[in-house]
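The values are calculated or read from the model by the stated rules, or taken from the named source; none is laboratory data. Since the model is a prediction, treat every value here as computed from it, not as a measurement. Methodologically, a virtual Cβ is constructed for each residue, glycine included, from the backbone with ideal geometry; neighbour enumeration extends over all protein chains shown.
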Amino acid sequence: MKTVLLVDDDRNVIAGLRDHVPWEKLHTVVEETATDGEEALAKIKIKQPDIVITDIYMPNMNGLQLIEKLREQYPDIFIIIHSGYDDFNNARQAMKYGVQYFLLKPSVISEIEAVIRDVITDIDVQKKQKKLFKHYNEQMNNYLPQLRDSFFREILQAKYKPLTIPTEKLELLNIPQHAKMIVGSISLIRSPYLTREKEREWQLMKFGVSNIIKETVEENDYADVFDIHVVDYSETTFLLIFIANDSQHPLEQLCTHLSERIIDNILLILKLSLVIGIGEVKEGIHQLTDSYIKSQKALEVAEYEEINKVYTYKKVEGEEQLQTIQYPLDILKEITDMITQKEYEQLMEQWEKIEYSLLIEKKPTLFIAQNICVSLISSIMMQEHDSNQEGMLMYVTDIYRMTTSKQLVDWMREKLEAWCEKLKEELTGKKSHKLIREVIEYVQNYYDQEITLAEIADSLFVNRNYLSQLFKKVTGETFVTYLNTYRIEKAKEKLKEKNYLVYEISEMVGYQNPTYFSQVFKSITGRTPSEYYK
């Protein structure tokens with residue numbers, strides 16, 4: 001039953017409405033009556049009826065004043081104006097407050113019934129709408145994280161020009177347009193023992209990582225300082241997008257601190273290694289891509305240093321870091337290149353230089369010499385497709401048991417000579433060419449997906465570095481060069497069809513970032529995709 005309040009300063013009118021309208025037949029009941037707006041408002045506060053039928057001309061508080069108060073305090077109450085012919089201007093004023101129902105005095109019962117039926121229908125429709133909107137709002141709130149994920153991906157993949165990001169979408173997703181922001185890239189280090197046959201294990205691992213990241217974020221002490229969005233970006237990458245709520249706090253420092261806690265928690269619970277790169281603080285959503293690119297550059301430093309650490313993008317410091325570690329890296333690279341290229345004599349000449357440095361020229365401490373040899377052992381074992389952790393541990397144990405640099409150098413020379421001969425034999429065999437054919441077939445079948453040489457090596461049960469150098473030896477080019485060239489050839493075919501946009505072709509040939517795709521395309525063809533399209 002719908003409840004009704006009758007408001008009129010003429011008690012005869014109230015009595016006539018109450019006694020002659022078939023309220024029960026209309027599934028309504030007159031719960032209260034009032035003779036002016038003030039009395040009505042007091043009773044509405046207690047009863048809150050569904051329908052108010054009111055006159056306009058009344059003492060103390062007239063009908064228009066009552067309607068104005070009701071719209072402010074009780075917007076869901078339906079109002080029917082019951083007034084005379086000469087109240088047209090007042091009725092028009094009432095319409096400004098959203099009143100849609102009018103009865104002219106003197107009223108015919110059938111007219112009153114018709115209006116009340118219309119009102120009851122509208123009340124039922126409104127209730128259904130409210131219920132639906134509540135349900136839709138709950139669903140929207142449940143899907144907001146996925147919608148934000150998708151939106152952030154679109155921005156990072158350059159699907160919007162900087163000044164064309166839709167503000168209405170930002171408002172819907174509750175993302176500020178001009179706040180300070182910074183991106184952290186979380187790179188998971190996938191174990192080589194998790195092959196495609198164990199893909200379920202990796203997906204479970206990723207699920208665990210996602211939960212740990214989100215729990216760590218929810219437990220952070222900076223909820224008032226910034227909002228944090230976690231984006232599952234690729235098979236081995238999560239993104240942390242920090243958006244500042246004010247400009248008073250050092251965003252990069254807080255981001256770094258939280259990233260360190262994430263690393264600690266993942267190592268503690270999952271024993272999974274990872275690296276986090278932090279980009280630069282940028283102002284505005286249109287610069288988010290730049291911060292993301294900087295976070296990726298920060299990760300490049302980790303290739304030369306330690307894992308399970310956070311690296312921030314600082315151009316000058318980054319260059320200095322690379323310079324300080326360049327010398328030992330160059331030596332290791334030369335030695336491994338010489339092994340794969342069967343340059344036995346040159347390899348041993350290079351080793352003699354290291355011997356001279358260790359024993360005569362620089363004479364580092366035994367501990368430093370041991371660390372150099374561990375690096376060499378690790379580098380060379382990575383060339384062997386049948387190497388294993390147990391073997392590596394055995395060699396490292398032997399190295400740290402050495403008591404003199406001379407003893408260490410002699411041991412290392414013996415191992416180098418043996419490995420060199422073994423790898424030379426492998427490189428001349430037919431097995432090598434079969435492996436490379438399988439790599440090429442893999443690229444041709446999966447070029448439109450995220451491909452890494454490490455993943456291919458896992459599927460072929462060989463070491464990644466060994467496969468990398470073997471590929472270059474057999475084909476004359478690096479794997480990355482071959483992959484990019486093959487993808488760009490496929491992209492050129494798609495461009496000739498003139499059926500796709502550049503960003504669509506970028507995804508179709510395996511590039512998630514259209515900007516990077518354009519750079520690679522131009523470096524290979526000498527033209528941008530747009531120029532080639534014309």
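Here are some notes:
- Look at (1) more than 19 Å from the chain's Cα centre (by Cα); (2) not in a loop (DSSP other than H, G, I, E, B) and you find that LEU272 fails only one, number (2).
- Test: ASP76 is at pLDDT below 95, in contact with a helix residue (DSSP H, G or I) (Cβ under 8 Å, 6 or more places away or on another chain), among the acidic types (Asp, Glu) and assigned by TED's automatic domain parsing to the domain that holds ASP124: yes
- Of the criteria (1) over 42 Å from the mean Cα position of the chain (by Cα); (2) in contact (Cβ under 8 Å) with a residue 40 or more places away in the chain, which one GLN126 fails: (1)
- The residue pairs whose first member lies in segment 506-534 and is among the basic types (Lys, Arg), whose second member is in a loop (DSSP other than H, G, I, E, B), and whose beta carbons are closer than 8 Å, counting only pairs six or more residues apart or on different chains, are LYS522/THR528.
- Residues in segment 465-484 that are under 22 Å from SER506 (Cα atoms) and part of a loop (DSSP other than H, G, I, E, B): THR478 alone.
- Considering GLU441, GLU450, GLU507, GLU455, the condition of being more than 28 Å from SER150 (Cα to Cα), outside the structural domain of ASP232 (by TED's automatic domain parsing) and among the acidic types (Asp, Glu) is satisfied by GLU441 alone.
- Apart from one condition, ILE186 fits all of (1) at pLDDT 90 or above; (2) touching a helix residue (DSSP H, G or I) at 6+ places or on another chain (Cβ under 6 Å); the exception is (2).
- Counted residues, segment 452-500 - those being without any contact (Cβ under 8 Å) to a residue 24 or more places away in the chain, small (Gly, Ala, Ser) and surrounded by 18 or more Cβ atoms within 10 Å (Cβ to Cβ): 1
Yes or no, residue by residue, for (1) buried (at least 20 other Cβ atoms within 10 Å of the Cβ); (2) at pLDDT 85 or above:
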position: GLU283; (1), (2): no, yes
position: LYS297; (1), (2): no, no
position: ASN308; (1), (2): no, yes
position: TYR311; (1), (2): yes, yes
position: LYS315; (1), (2): no, no
position: GLN323; (1), (2): no, no
position: GLN326; (1), (2): no, no
position: LEU332; (1), (2): no, no
position: GLN341; (1), (2): no, no
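- VAL462 passes every criterion in (1) in contact with an Asp or Glu (Cβ under 9 Å, 6 or more places away or on another chain); (2) among the β-branched types (Val, Ile, Thr); (3) not in a loop (DSSP other than H, G, I, E, B) apart from (3).
- Residue list for segment 50-70, restricted to those being within 11 Å of ASN90 (Cβ to Cβ) and of a type in the set (D, E, K, R): ASP55
- Taking the numbered list (1) under 18 Å from ARG190 (Cα atoms); (2) assigned to a helix (DSSP H, G or I) in turn, LEU254 passes all entries but (1).
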